[in-house]
Every structure is written in structure tokens, then in C-alpha cells.
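Trainee: Below you will find the structure I want to go over with you.
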Amino acid sequence: MADEALFLLLHNEMVSGVYKSAEQGEVVSAAKALEENGRCITKLENMGFRVGQGLIERFTKDTARFKDELDIMKFICKDFWTTVFKKQIDNLRTNHQGIYVLQDNKFRLLTQMSAGKQYLEHASKYLAFTCGLIRGGLSNLGIKSIVTAEVSSMPACKFQVMIQKL
Amino acid sequence: MAVCVAVIAKENYPLYIRSIPTENELKFHYMVHTSLDVVDEKISAMGKALVDQRELYLGLLYPTEDYKVYGYVTNSKVKFVMVVDSSNTALRDNEIRSMFRKLHNSYTDVMCNPFYNPGDRIQSRAFDSMVTSMMIQVLSRAPCCRAGEALWA
């Protein structure tokens, strides 16, 4: 059981580490703070991207070749999510034109944080790494995408995957 | 048995290529290069196949007079190509498959190394020595087979 907590703790430390290293200079204005926040999110997202690339290489080592895009998305929702977050995605929806919405009703990185709208403004920094994770995994499987996260009430959240057609 | 091992990236440029008779390197590079079309053909034909037939190992790509070329493609579309001396008839399909698995495991380790940038040339020493062991294993076994043949003759 303890090993599950390790990832959560490491992730929390990672987020605060990235933000702390950005806080070195004095915050001058609100605009500057916002810009700094964006930079931190990008940094976390890039970390997730690299981890996702590595993870997907390991996870798909023993699986059969994927049939199509949907097959890959299902793999992300089931096997990938189960290995990383100990549960499957609750709902996967698609418009069959390159947009997928992955809904998790009890996202593991948010469960310890809040059960409602409290701290809602902080949710985005705890989702950036996961967005990168999905994007990195998909990119290594040959799908270029943009992943955004959306939270209306914690700990539920939605990830929107927009596939970039070449 | 393996005289040449190559790892080709998604975008079809070489990540790693090594051959054992170094004097004729270009010939092997050419062989690997020409095999990529066969790989593409096999993958596109495989898309429609049943689940249990969608294996990562592609089997024999094409034989030439002196060599056999085998292929393997990971889910991330990275291609492994192995050129084998065709005089070595003792080599079974299953052995080739397990060699590719070993190669894949090693590649995964490289990929998960934080000091490796995906898409760069593979310079890992662990990977290098694994490939060497695959080439030597064959070399050390080949004379052994020949000794056996002499015995029978």
C-alpha cells in the first residue's frame, strides 16, 4: 500500500519544487506572476512528456500491435491509467474527428486535496504533469496531440485530447 | 549469427547500426536501408489482421544469397533489423524472436534512461555490449557447429 503513496508524495514535491525554484525573485506585478505560473506549468508538462514517452515504451512491450487511434486511446484509458493511477478512466468520449474526452471521477492526484470547489485555482498545476504524460505517451505511439485538463469540482476532472492531423 | 544489427527511428533514420565485418559496412547499411520498404509493406498489411496475428515480430523480410534479413517493429514504430548469415541453418525462428525481444528490452532501458534524449543516436554502453554479446554468441557457436559437422563426416 505504501508504494502508492510514494508517487503522490513525489508528485506533490515536484510541483512545489518547480514553483519554489521559480519564486526566487520578488514578485513584482500580477502579470509577471501569471507569466511565471505559465512557465512552471510548461515545465511540469515537459517533465510529464518525457516520462510518458518512457512509460509507454515499457507498457507496450508485450502488447499486440494497435489497430487504430481508438485502440490506442482505449489502451491509455485502461492499461496505462490502471498502472499509473490504480484505476481506469471512468468515461471516454469522442466525436470521431480527433477529439477525445477522458473523464476521471476520482482522480488520484486530486483526491487528497479537496472534495469540492475549495483550492480550485490550484488544481491546474497538479494536472500539468498528467497532461504531459498523456501527450508524451501518444506522441511515442505516433500521435501528435494537444492535451488540456478541466476541473469543475474536485476530485473529478476531464482531460481533452485534441489530435493534430498532419 | 547476427552480422548486423540496426535500430531505425519512427521517421526512418538510423538510431544505431553495427555490423561485424567492418570492412564491408556499407553493404550492410544498404541492406538495412532496402529492408525498410518491406517493413512498411508488412505493417500496412498487418493492420487488417486479427489480434493474435498482430505480433511485433515481422519474421523474415527477405533472403539474399549470403544473408537473411529479419525485422521487428515496436508499438512506438521503432524498427529493429537484423542481418543473419544464411549459412547458419541451425538458427530457428524462435531464436531470432528471442533475440529481438532481448534487443527490445534493452532499447526500452535506453528509452527510460533520463540522460537519453528520444530521437538521438544510441550511445549507451549497456546497449552496445548487449548487441556485442548477440553477435559473439553466434560467432562462438558457429565454429562449434562446424566441428560437429566434421565429426559426422
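Trainee: Could you work out the helix-only [θ] at 222 nm for the protein assembly as shown, with each DSSP H run of four or more residues adding -39,500 (n - 2.57) and the total divided by the number of residues, to the nearest 500 deg cm²/dmol?
Mentor: That comes out to -15500 deg cm²/dmol.
Trainee: Quick one: go through region A:75-95 and flag any residue whose amide nitrogen is under 13 Å from the point 7 Å out along the Cα-to-Cβ line of residue A:14.
Mentor: Output list for this probe position: A:84-85.
Trainee: Oh, and also: In whole Hz, with x marking every Gly and Pro, tabulate ³J(HN,Hα) for region B:110-122 from phi via Karplus 6.51 cos²θ - 1.76 cosθ + 1.60, θ = phi - 60°.
Mentor: 4, 4, 8, 6, x, 8, 9, 8, x, x, 7, 5, 7
Trainee: Another question about this same structure. Using the Cα atoms as the points, what is the convex hull volume per residue of the protein assembly as shown in Å³?
Mentor: 184
Trainee: Against the empirical 2.2 N^0.38 Å scaling, what ratio does the C-alpha Rg of chain A come to?
Mentor: Expressed relative to 2.2 N^0.38 Å, the Cα Rg reads 1.06.
Trainee: Using only the heavy atoms of the protein chains and a 1.4 Å probe, how would A:124, A:139, B:76, B:87 rank by accessible area, largest first?
Mentor: B:87, A:124, A:139, B:76
Trainee: Quick one: 3J(HN,Hα) in Hz for region A:95-102, Karplus 6.51/-1.76/1.60 with θ = phi - 60°, rounded, Gly and Pro as x.
Mentor: 9, 6, 10, x, 10, 10, 10, 9
Trainee: Hey, what's chain A come to in accessible area per residue, 1.4 Å probe, Å²?
Mentor: 54
Trainee: Percent relative contact order of region B:2-125, based on C-alpha pairs within less than 8 angstrom and at least six residues apart?
Mentor: So the answer I get is 27 percent.
Trainee: What number, in nm² with one decimal, is the all-direction average of the projected area of the convex hull of the alpha-carbon atoms of region A:1-95?
Mentor: 8.9
Trainee: Same structure, new question: Could you give me the ³J(HN,Hα) list for region A:82-94, computed from phi with Karplus coefficients 6.51, -1.76, 1.60 and θ = phi - 60°, whole Hz, x at Gly and Pro?
Mentor: The phi angles translate into 5, 5, 7, 10, 6, 7, 8, 5, 7, 8, 10, 10, 8 Hz.
Trainee: How high is the relative contact order of chain A, in percent, with contacts defined as C-alpha pairs under 8 Å that are six or more residues apart?
Mentor: Contact order relative to length: 26 percent.
Trainee: Note down the nm distance, to one decimal, between modelled labels 7 Å out along Cα→Cβ at residue B:24 and at residue A:156.
Mentor: 6.7
Trainee: Can you give me the C-alpha center-to-center distance between region B:12-41 and region A:120-159, rounded to a whole angstrom?
Mentor: 39
Trainee: What list of whole percents do you get for P(r) of region B:2-125, with Cα-Cα distances grouped in 5 Å bins up to the one holding the largest distance?
Mentor: Per 5 Å bin, starting at zero, the Cα-Cα P(r) for region B:2-125 comes out as 2, 10, 22, 23, 21, 14, 6, 2, 0 percent.
Trainee: Another question, if that's okay. Would you please give the FRET efficiency between residue B:113 and residue A:63, computed as 1/(1 + (r/R0)^6) with r the Cβ-Cβ distance and R0 = 25 Å, to the nearest 0.05?
Mentor: 0.70
Trainee: Sticking with this one: Taking a spot 7 Å from the Cα of residue A:117 along the direction of its beta carbon, which residues of region A:123-166 have an amide N less than 12 Å from it?
Mentor: A:152-154
Trainee: I would also like to ask the following. If exposed trypsin sites (Lys or Arg not before Pro) are those in a DSSP loop with at most 16 other Cβ within 10 Å, what is the longest stretch of chain A that has none?
Mentor: Answer - A:1-66.
The values are calculated or read from the model by the stated rules, or taken from the named source; none is laboratory data. Treat the numbers as computed from the prediction; the structure is a model and nothing was measured. Every residue, glycine as well, gets a Cβ built from its backbone with ideal geometry; the counts of neighbours run over all protein chains shown. To get the accessible areas, we keep the full protein, side chains included, count just its heavy atoms, and leave off ligands, DNA and RNA. Shrake-Rupley method; radii C 1.70, N 1.55, O 1.52, S 1.80 Å.
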